[in-house]
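Engineer: Mind having a look at this structure? Questions to follow.
Nothing in this text is a laboratory measurement; each read-out follows from the coordinates by a stated rule. Keep in mind the model is a prediction, meaning the values are calculated, not measured. With ideal geometry, Cβ positions are generated from the backbone for all residues, glycine too; neighbour counts draw on all protein chains shown.
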Amino acid sequence: MRLQAQDLGLHYRRNGATTTILADISFTLAEGEFLSLLGPSGVGKTTLLRCLAGLVRPTRGAVLVDGSPLCGTLPGAAMVFQDYAASLFPWRTVLGNVRFGLEGQKLSGPEREALARAALTDVGLADFAAHHPFELSGGMQQRVALARAVASGARLLLMDEPFASVDALTRIELEDLLLRLWHERRASVLFVTHDVEEALYLSDRVLVLGDRPARLVGDVPVPLPRPREQLRTRGDPAFAALRGALFALLGKGTSA
Amino acid sequence: MKRLRPFLGLLAALLLWEVAALTAGTRALPTPAAVAQALVGLIQSATLPRALGLTLGHTALGLGAALGCGIPLGLWMGRSQGVRTLLTPIMELLRPLPPPALIPPAMLLLGFGPGLYTAVVGFGAGFPLLLAAMDASRAVPEILCDTARSLGAGRLRIVTRVVFPACLPGLATGLRTSLPIALIVAVLAEMVGGDGTGKLLLRLQRTWRIPEMYACVVGLGLTGWGLSAGLSFLERRFLFWAPPHQHPAPRP
Amino acid sequence: MIRLAGRLLPLAALLLWEILCRRGVIDARFLPAPSAILACLGAPGTAGDLLAQTSRTLLRTLGGFALGGAAGFGLGLACGAVRSLDAALRPLVEILRPIPSVAVIPVAVLWLGLGNSLDVVVVAFACSWPVFVAARDAVHAVDPTLCDTARLGGLSPGRVFRLVVLPASLPGTITGLRTALGIAVAVAVSCEMVAGSDGLGQLALTASYARQDPLAWLAVLAMGLAGGVCALGFSLLTRWAQRRRPGLLEIQPGRGRMP
């Protein structure tokens, strides 16, 4: 699906003072594209994501889905949060969690079961279907969240710093898992992060958000060859150049 | 040695009781043996089981009303700021009212019967349940609802499949408070004019059947303990996934 | 807007009650109108009688609360601080605690006979449990980091207890005291209903038996007010204490067990 943000703005009033969180944000996410939203913590990336997901209504501008304005929550989209432990339903098994996204759809029980198990196998957790979230490690829990998003058949994945809370080694595994799932399922991905290298490694394009109120200060294409590979891609000289450019946009350090 | 310690404490208490009873020598304090004998007698004559059964029935009536009214209302108040603002003043007015205070009006309006127990026990047990439901549904992490919404769940599914299960641990805590209250209010209502264990207790006291009276108290204590233990069992069985229950549950 | 509606709701309910009584929808024999209840209050002697009974009930409530609260607090602290004492007393506690407080009334009648001491003792018995459990658990829940910091600073165990554990366990204990106060009112009224000769509980009951409905409702109202006054008094007290010592109740319980 094609997602478009048109002059998005969000502000709220409290005790007479107006605080603007987002201002004049416009961009397009093409079908099947992997787009990263890069910016420092607290700038409003999560708010922007929630606007696009339809969980929050912008006070200015509009979100367009395949050309028509969005009302309600974005259909065919799934959100993956940073706090994976809190986003999994603790009373359901792993399989039950993955099945949740399918329960609103007109499928039979066995069909749902099969789709859920397939998604679990995709993320490598087929053996843990009967476990409960609290029995799994952080990385595994995040994989369950990914499986749940993927199983629901979402055409768009909205991901809010999903790998920020896992250790570096697990993060590498999860990044590659995400790329593989994206490649197989051909969904679009909107990936929020504060990690420049992660954004470069994963995306086709990186949008840079600047200081409060959040504005788009840069739209950087990432023409690095696919499929990406941890050592090769990160060792590519173009990677370093792009990293410098992004840091400059973020206002940290000098450009390469 | 360590495992025997709780039983040693029990034994010491029983010994203390025996000594006190023998030295006091008054009818008001029978020996543990006499009480045990009386207990057996009451059970054999089916007096105590029947009375306890009635009491449990009255408790159940009230608890049913409390669960049926208190929980949905509490959940609703937790989710909706508007309803909460609307109903909080009237709730705060009713809150300090001690449950026993409802017995005389209920007597006037309903007479003695299942209606009275349902109303009075229901009120007593209902408030803690309502508050627990309200707190629990307010505390449901928004991230769970956001996840459900982003996966396409409508409002009904969010309430039944996400909010309600997420509230269960909080509801269990509320029930843990409500159960003893329900039992106490039921026994009190029985004492005032009904039947069941409350009436039996008073009757035994007034007819100076002291060991049986103590036996009755023991029976009530065991009932209270049993209800608590039952709740703990249910919690361990069904709520093992909630954070505090991932470790062995505390004693009932 | 909703807030105003919420505040007006009780008044609206009362108005509805009055209207329904006047229209005859509610049979006044079963449920007197609010105006009739108020009229009863205005009748000679009623207000004075009501006040006298209320003060008796309150005295028993507060007396029992003070006694039970102190006992529960002391014992709870002791069990919280001394593990072996806690372990030794636990079976006894677990046996006595589930006994419904009203079931203790006939036993107390036997030992103490009817009178004020009966009510105070039974109320104290009922109050001591929540305070005991709250104090004991609060001491157990004191963050070991706090204690370690104090011990490393050179304080003796006694001073650590007094200066660190006691303040840190205060919020939990106060919660227990608040619960106990609510219980105190209810138990005092229960005692009066079952084994009392005066007090609000007895008044409400005798008025009901004598079909003096408005008087019975007044007694019920007074019981609610007594409960409310106690709760209000308690929260005013805690708020005053917080003003005197800011941060008194801000301490969060930790997750560890006291060393």
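Engineer: Could you order the peptides C:71-79, B:182-190 from most to least packed, using the average number of other C-beta atoms within 10 Å per residue?
Structural biologist: Put in order of decreasing packing, that is B:182-190, C:71-79.
Engineer: How big is the shadow of the Cα convex hull of the range A:32-91, averaged over all directions, in nm²? Show your work: numbers first, answer last.
Structural biologist: Numbers: hull surface 23.2 nm².
Average of the hull's projected areas for the range A:32-91 equals 5.8 nm².
Engineer: Only sites in a loop by DSSP and with at most 14 other Cβ atoms within 10 Å count here; which trypsin sites (Lys or Arg not before Pro) in the range B:1-109 make the cut? Present the calculation step by step, with values, prior to reporting the outcome.
Structural biologist: Numbers: sites: B:K2, B:R3, B:R27, B:R50, B:R79, B:R84; in loops: B:K2, B:R3, B:R27.
Here the sparse-neighbourhood loop sites are B:K2, B:R3, B:R27.
Engineer: Residue farthest toward the positive end of the dipole of the protein assembly as shown, with Cβ of Lys/Arg at +1 and Asp/Glu at -1: which of C:A180, C:S169, B:A242?
Structural biologist: Most positive-ward Cα: C:A180.
Engineer: When you have a sec, figure out the Kirkwood radius of the range C:1-138 from all distinct Cα pair distances and drop it here in Å to one decimal? Each step should come with its number before you reach the end.
Structural biologist: Working: mean 1/r = 0.0524 Å⁻¹.
When all Cα pairs of the range C:1-138 are included, the Kirkwood radius is 19.1 Å.
Engineer: Specify the inter-centroid distance of the range A:196-239 and the range A:105-143, based on alpha-carbon positions, in whole Å.
Structural biologist: Answer, in whole Å: 31.
Engineer: Where does the range A:73-221 land on the Kirkwood hydrodynamic radius, alpha-carbon pairs, in angstrom?
Structural biologist: Details: mean 1/r = 0.0629 Å⁻¹.
About 15.9 Å for the range A:73-221.
Engineer: Can you put B:M213, A:M159, A:M140, C:M1 in order, fewest other beta carbons within 10 Å first? Display every interim value, and only then the final one.
Structural biologist: Details: B:M213 27, A:M159 24, A:M140 20, C:M1 7.
Listing B:M213, A:M159, A:M140, C:M1 from fewest to most nearby Cβ atoms yields C:M1, A:M140, A:M159, B:M213.
Engineer: What are the radius of gyration and Dmax of the protein assembly as shown, computed over its Cα atoms and given in Å?
Structural biologist: Computed over the Cα atoms of the protein assembly as shown, radius of gyration and Dmax are 32.2, 99 Å.
Engineer: Okay, next question. What whole-number distance in Å separates the alpha-carbon centres of the range B:73-132 and the range C:6-38?
Structural biologist: Comparing the Cα centres of the range B:73-132 and the range C:6-38, I get a distance of 18 Å.
Engineer: For chain B, how big is Rg over Rh, using alpha carbon atoms and the Kirkwood form of Rh? Don't skip to the answer; put the middle values down first.
Structural biologist: Working: Rg = 22.2 Å, Rh = 20.8 Å.
That ratio equals 1.07.
Engineer: In degrees from 0 to 90, rounded to the nearest 10, what is the angle of the helix B:47-65 Cα long axis to the longest principal axis of chain B?
Structural biologist: That works out to roughly 20 degrees.
Engineer: Only four residue types carry charge here, +1 at the Cβ of Lys and Arg and -1 at the Cβ of Asp and Glu. Report the dipole size of the range A:152-256 about the Cα centre in Debye, rounded to the nearest 20. Intermediate values should be presented prior to the final figure.
Structural biologist: Values: 14 positive and 15 negative charges, 66 e Å.
In total the dipole reaches around 320 debye.
Engineer: Starting from the 7 Å offset along Cα-to-Cβ, what nm value, one decimal, do you get for the label separation of A:F27 and A:F247?
Structural biologist: Each label point lies 7 Å from its Cα, and together they span 2.1 nm.
Engineer: Here's a follow-up. Chain C: longest stretch without exposed trypsin sites (Lys or Arg not before Pro) (DSSP loop, at most 13 other Cβ within 10 Å), sites themselves excluded? Display every interim value, and only then the final one.
Structural biologist: Numbers: sites that count: C:R29, C:R211, C:R255, C:R257.
No qualifying site falls inside C:30-210, the longest such stretch.
Engineer: Give me log10 I(q)/I(0) at q = 0.12, 0.13, 0.21, 0.24 Å⁻¹ for the range B:1-87, Debye formula, one equal scatterer per alpha-carbon, no solvent.
Structural biologist: Rounded to two decimals, the profile gives -0.72, -0.75, -1.02, -1.07.
Engineer: At q = 0.08, 0.10, 0.14 Å⁻¹, what is the base-10 log of I(q)/I(0) for chain C according to the Debye formula with one equal point scatterer per Cα and no solvent? Please give it to two decimals.
Structural biologist: Here log10 of I(q) over I(0) equals -0.45, -0.66, -1.01.
Engineer: Based on Cβ point charges of +1 for Lys and Arg and -1 for Asp and Glu, what charge dipole magnitude is obtained for the protein assembly as shown about its Cα centre, in debye rounded to the nearest 20? Let's see the in-between values first.
Structural biologist: Values: 71 positive and 49 negative charges, 169 e Å.
Charge dipole of the protein assembly as shown: 820 debye, to the nearest 20.
Engineer: Antiparallel versus total DSSP beta bridges in the protein assembly as shown: what percent is that, nearest 5?
Structural biologist: Values: 21 of 40 bridges.
For the protein assembly as shown, the DSSP antiparallel bridge percentage is about 50.
Engineer: For B:190-202, what's the mean count of beta carbons from other chains sitting within 10 Å of each residue's beta carbon? Mind showing how you got there, number by number?
Structural biologist: Details: counts 1, 8, 7, 4, 0, 0, 0, 2, 6, 0, 0, 7, 5.
The shielding value for this peptide is 3.
Engineer: If you don't mind, there's one more thing I want to ask. If neighbour count is taken as other Cβ atoms inside 10 Å, put C:C127, C:C147 in order from fewest to most.
Structural biologist: Working: C:C127 31, C:C147 21.
Placing the least packed residue first, the sequence is C:C147, C:C127.
Engineer: In cubic angstrom, how much convex hull volume per residue do the alpha carbon atoms of chain A span? Don't skip to the end; give the middle numbers.
Structural biologist: On the way: hull volume 34.7 nm³, N = 256.
Expressed per residue, the convex hull around the Cα atoms of chain A is 136 Å³.
Engineer: Here's another thing I want to ask about it. Per residue, how much space in cubic angstrom lies within the convex hull of the C-alpha atoms of the range A:123-191? All intermediate terms of the calculation are to be shown ahead of the outcome.
Structural biologist: Working: hull volume 6.1 nm³, N = 69.
Normalising the Cα hull of the range A:123-191 by residue number yields 88 Å³.
Engineer: Could you estimate the translational diffusion coefficient of the range B:125-252 from the Stokes-Einstein equation, with Rh from the Kirkwood formula over C-alpha pairs, at 25 °C and 0.890 mPa s, in whole µm²/s? Mind showing how you got there, number by number?
Structural biologist: On the way: Rh = 17.3 Å.
It comes out at roughly 142 µm²/s.
Engineer: Looking only at the range A:111-256, where both bridge partners belong to it, what percent of the DSSP beta bridges are antiparallel (to the nearest 5)? Walk me through the numbers before you get to the answer.
Structural biologist: Working: 5 of 10 bridges.
Of those bridges, close to 50 percent are antiparallel.
Engineer: Something else about it: Count, for each residue of C:186-193, the Cβ atoms from other chains sitting within 10 Å of its Cβ, then give me the mean as a whole number.
Structural biologist: Average neighbour count from other chains, rounded to a whole number: 6.
Engineer: What is the ratio of the Cα radius of gyration of the range A:4-47 to 2.2 N^0.38 Å, with N the residue count, to two decimals?
Structural biologist: 1.41
Engineer: For the range C:39-92, just run the numbers: alpha carbon Rg, then divide by 2.2 N^0.38 Å, N being how many residues it has.
Structural biologist: Details: Rg = 20.3 Å, N = 54, 2.2 N^0.38 = 10.0 Å.
For the range C:39-92, the normalised Cα radius of gyration is 2.03.
Engineer: Please sort A:227-236, A:74-83 by packing, taking for each peptide the average over its residues of neighbouring beta carbons within 10 angstrom, highest first. Provide the component values of the computation, followed by the final result.
Structural biologist: Values: A:227-236: 13.6, A:74-83: 21.6.
Highest-to-lowest ranking by the protection proxy: A:74-83, A:227-236.
Engineer: If you take each beta carbon of peptide C:87-99 and count the beta carbons of other chains within 10 angstrom, what is the mean? Each step should come with its number before you reach the end.
Structural biologist: Numbers: counts 5, 6, 2, 5, 9, 6, 2, 7, 7, 2, 6, 14, 10.
Per residue, the average neighbour count from other chains is 6.
Engineer: Charges on Cβ only, +1 for Lys and Arg, -1 for Asp and Glu, centred on the Cα centroid of the range A:125-210; of A:L209, A:S188, A:F134, which one is farthest towards the dipole's positive end?
Structural biologist: Selected residue: A:S188.
Engineer: Still on this structure, please answer the following. Once the dipole of the protein assembly as shown is set up with Lys and Arg at +1 and Asp and Glu at -1 on Cβ about the Cα centre, which of A:G104, B:G193, A:M1 lies farthest towards its positive end?
Structural biologist: Sorting the options by dipole projection puts first B:G193.
Engineer: Taking the range C:79-219 on its own, what percent of its Cα-Cα pair distances exceed 21 Å?
Structural biologist: Working: 5653 of 9870 pairs.
Roughly 57 percent, once rounded to a whole number.
Engineer: Another question, if that's okay. Please compute P(r) over all alpha-carbon pairs of the range A:139-256, binned at 10 Å starting from zero, and give each bin as a whole-number percent.
Structural biologist: In whole percents, the pair-distance histogram is 12, 43, 35, 10, 0.
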